[in-house]
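Take a look at the structure set out below.
None of the figures in this text is laboratory data; all of them are computed from the coordinates on show. Nothing here was measured: the structure is a model prediction, and the numbers come from that model. Here the Cβ is made from the backbone with ideal geometry for all residues, glycine too, and neighbour counts use every protein chain on show.
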Amino acid sequence: MEAFLTSTALVALAEIGDKTQLLSFVLAARLRRPAQIILGIFLATLANHALAGSLGVWAASFMSAQTQRWVTAAAFFAFAAWALVPDKLESDRAVAARSAFVTTLVAFFLVEMGDKTQLATVALGARYGELAAVVLGTTLGMMIANVPAVLVGEAFATRIDMKVVRYVAAGLFVATGVLALLAPAA
């Protein structure tokens, strides 16, 4: 349960203001098909994070408990620093209204590649070794942050103090890194 709850909280907070959340706003404004967009976000995230979590669990199998502890902690400390940097979409890509689901599925899967939430999923998979709990937690965290963005759009973003959210997310990443260092050897 710890893996699920930690994964959910970390990703939900880290995702606020992230480029994939900004993509949610753009897709919602342009495509105006919230159900298709939400389904696309869900399936893209599930697939992307299943791959990332699997990579983390697999990589951890090659490390000693001590090495895994230090690598995981260092990753979370790096994510804390990364969380403090505001995100923006690199380009305003044209999206087709023909299929909001397919557009969202492909766009989200690709934009999430190398993103901090994907890399956090790798680290969480390595840290906990509980693939299902991590993937379900990170996917739920992604949905918690992005579904309101799709449903309420730009108005939602203007009411959140993004600086506070970034500091809270960074604090959670640091706390998770410290906990990784303090965790008993497996």
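Taking 0.36 nm per residue of sequence separation and removing the Cα-Cα distance, the residue 29/residue 59 pair yields an extension gain of 6.9 nm.
Report the normalised scattering of the stretch 2-182 as log10 I(q)/I(0) at q = 0.08, 0.19, 0.20 Å⁻¹, calculated by the Debye formula with identical scatterers on the alpha carbons. Values returned for q = 0.08, 0.19, 0.20 Å⁻¹ are -0.23, -1.19, -1.29. Karplus-derived 3J(HN,Hα) values for the stretch 16-30, using 6.51 cos²θ - 1.76 cosθ + 1.60 with θ = phi - 60°, are 5, x, 6, 5, 6, 5, 4, 4, 4, 4, 5, 4, 4, 5, 8 Hz; glycine and proline are entered as x.
Mean sequence separation of contacting Cα pairs (under 8 Å, at least six apart), scaled by the length of the stretch 2-182, corresponds to a relative contact order of 49 percent.
Think of each Lys and Arg Cβ as +1 and each Asp and Glu Cβ as -1; about the Cα centre, that makes the dipole of the stretch 2-182 roughly 280 debye.
Sorting 115-126, 5-16 by average packing, meaning the other beta carbons within 10 Å per residue, from highest down gives 115-126, 5-16. Counting Lys and Arg as +1 and Asp and Glu as -1 over every other residue whose Cβ lies under 13 Å from the Cβ of residue 45, the net charge comes to -4.
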